[in-house]
Amino acid sequence: MQRDSLKADSIAKKTGQLPGAILPGHRIVAFYGNIRSKGMGILGREPKEQMFRKFAGVLKEWQAADPSRPVQAALHNVTITAQGTPGKDGKWRLMNSKATIEEVMSWAKEHNCILFLDVQPGHSTLQAELPKLEQYLKDPIVHLGIDPEFSLSTMPGVRPNQKIGTLDAKDINFTINFLARIVSENKLPPKVLTVHRFTRKMVSNYKNIKLDPRVQVVMHMDGHGDPTLKKDSYKAYIVNEPVQYTGFKLFYEYDARPKPHHIMTPAEVIALEPSPLYVQYQ
């Protein structure tokens, strides 16, 4: 592992990134949700073909707004989901079935998308949950998202949605090392890791996050509201505590309410500094 890591570092220093890296050469545009749920996001809310027609239109808008950077389409499926009940083991989370994961993988491949499997650990931990996804992450199109909002292992007795959870740099470093090992062992291009964030406490000790060229880390502004609030959150929690790449989330259900609030346009998001290279619609 050590020799491999040194080799990866030397390649990255010469070229700026490893072969097959998606960022920063592309902008990822993703539809988020769960294909078994109408309530978690645009992915799953509408019938499959209707949703993909809508997605095709969105991708065209982004490509037109920035012709200089190719758009990489993505599906972002919440695969381990925080629950309102503790379950038999008291961990307050539930993983999608193998059939559901394989179905969303097939959707992604049919439509030339990459796929993010998203983890809301509840009262479990990333250390316990991520190995369950390893078999899927061996596929070169599959990437990972982790959600501190629903990480409550340090908050005994708190139900998901009662309080906003947290992840520390050590948890994110575990995730980076986990993905880097999969990349090396399976000779894969770098993985993209998205970390959701809309408060300062959701990620602690960000300066201790250790980057690896085999994993491209996106700190993703996950808040909803009017454009001014979203821009302020982006600056406060993403720009002011930089890690590597930045992301920005748009909500079909919440951003446009009440009027005259609106869902930010591709041009408005691109104009942010730094310009987000991962954009997600929920």
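Points worth noting:
- Ligands, DNA and RNA excluded, the heavy atoms of Met95 present near 60 Å² of accessible surface to a 1.4 Å solvent probe.
- Taking the centroid of alpha carbons for each part, the stretch 208-271 and the stretch 116-188 are 20 Å apart.
- Once the chain from Ala128 to Lys259 is taken as fully extended at 0.36 nm per residue, the excess over their C-alpha distance is 42.8 nm.
- Cross-link pairs exceeding 18 Å in C-alpha to C-alpha distance, out of Lys54/Lys191; Lys210/Lys249; Lys170/Lys210; Lys170/Lys235; Lys54/Lys230, comprise Lys54/Lys191; Lys210/Lys249; Lys170/Lys235; Lys54/Lys230.
- Pairwise FRET efficiency - Val239 versus Lys210, Cβ, R0 = 25 Å, nearest 0.05: 0.75
- Computed over protein heavy atoms with a 1.4 angstrom probe, the accessible surface ordering of Lys249, Lys187, Lys48, largest first, is Lys187, Lys48, Lys249.
- In the context of the full set of protein chains, residues of the chain present 45 Å² of accessible surface per residue (probe radius 1.4 Å, heavy atoms only).
- Among Ser124, Ser37, Ser68, the largest mean-square fluctuation in a Gaussian network model of the chain, built with springs joining Cα atoms closer than 10 Å, belongs to Ser68.
- Here the stretch 1-281 has 54 percent of its accessible surface on carbon and sulfur atoms, given a 1.4 Å probe and all protein chains in place.
- Contour excess over end-to-end distance, with Cα ends at Glu49 and Ser275 and 0.36 nm allotted per residue: 78.3 nm
- Extension gain for the segment Gln162 to Thr228, taken as residue separation times 0.36 nm less the Cα-Cα distance, is 21.2 nm to one decimal.
- Selection among Gly41, Pro67, Thr246 by position relative to the dipole of the chain gives Thr246 as farthest towards the positive end (Cβ unit charges, Cα centre).
- Global form of the chain, assessed from the alpha-carbon gyration tensor, a/c cut-off 1.5: rounded
- Spin-label model, Lys170/Lys201: points 7 Å from Cα along the beta carbon direction are separated by 2.0 nm.
- DSSP bridge analysis restricted to the stretch 1-281 gives an antiparallel fraction near 10%, rounded to the nearest 5.
- Electrostatic dipole magnitude of the stretch 1-281 [Cβ: Lys, Arg +1; Asp, Glu -1; Cα centre; debye, to 20]: 240
- FRET efficiency, Ala64 to Met155 (Cβ-Cβ, R0 30 Å, nearest 0.05): 0.10
The values are calculated or read from the model by the stated rules, or taken from the named source; none is laboratory data. Please read all numbers here as calculations on a predicted model, not as lab measurements. No Cβ is skipped: glycine too gets one built from the backbone with ideal geometry, and neighbour counts run over all protein chains shown. Ligands, DNA and RNA are excluded from the accessible area calculation, which covers all protein heavy atoms including side chains. Shrake-Rupley method; radii C 1.70, N 1.55, O 1.52, S 1.80 Å.
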